[in-house]
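Laboratory data are not the source of any read-out in this text; all were calculated from the coordinates shown. Just so it is clear, the model here is predicted, and its values are computed rather than measured. When we count neighbours, we look across all protein chains shown, and the Cβ atoms used for this are built from the backbone with ideal geometry, even at glycine.
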Amino acid sequence: MNVGRILFLALLLAVLCAITAPLVAQRSSKNEVVHLHDAETLLDHLAGGDASFRLIDVRTYGEFASGHIAGAERIEYQMIGRALADEERDRPIVLYCRSGRRAGVALNTLTEMGFTNVINFGGVIHWPYELVRAEAE
């Protein structure tokens, strides 16, 4: 490869980076859920009625019924891909389970499906606030 070709490719790469950088910055700031990693911030958003993200408990019905974060919906981690197949891929989603392991599995499933704005909040065992108990069915 000659020097002229290397310089041309380097210049082309620099131009592409300059063009796409603002688009990447805009996309990452749209519906960003990174700020919802701590319990206090998540509680504030839930208490304020923030509907810009989905809070999903990926545990079993029995676990969910015994105590879950208010505002959470339940989708077992094994069913997450099927349940969210038609969901917008950039909609913010916050996942949690008992300890964070199953939420991590669900996050991997969604990431492999092309979801771009999902976080593993971790485990409800670390939630310092009151949990909601479900009524018996």
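Computed values, structure above
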item: Cβ-based net charge around A70, under 12 Å, with every Lys or Arg adding one and every Asp or Glu removing one; result: -2
item: Residue-wise HN-Hα coupling along the stretch 114-119, computed from phi with Karplus coefficients 6.51, -1.76, 1.60 (Hz; x: Gly, Pro); result: x, 5, 10, 9, 10, 10
item: Under 5 Å, built H, 5+ apart or other chain: amide partners of L55; result: E73, V94
item: Loop-located trypsin sites (Lys or Arg not before Pro) in the stretch 92-137 whose Cβ has at most 16 other Cβ within 10 Å (DSSP); result: R133
item: Under 12 Å, Cβ to Cβ, from V58 - net charge with Lys/Arg +1 and Asp/Glu -1; result: +2
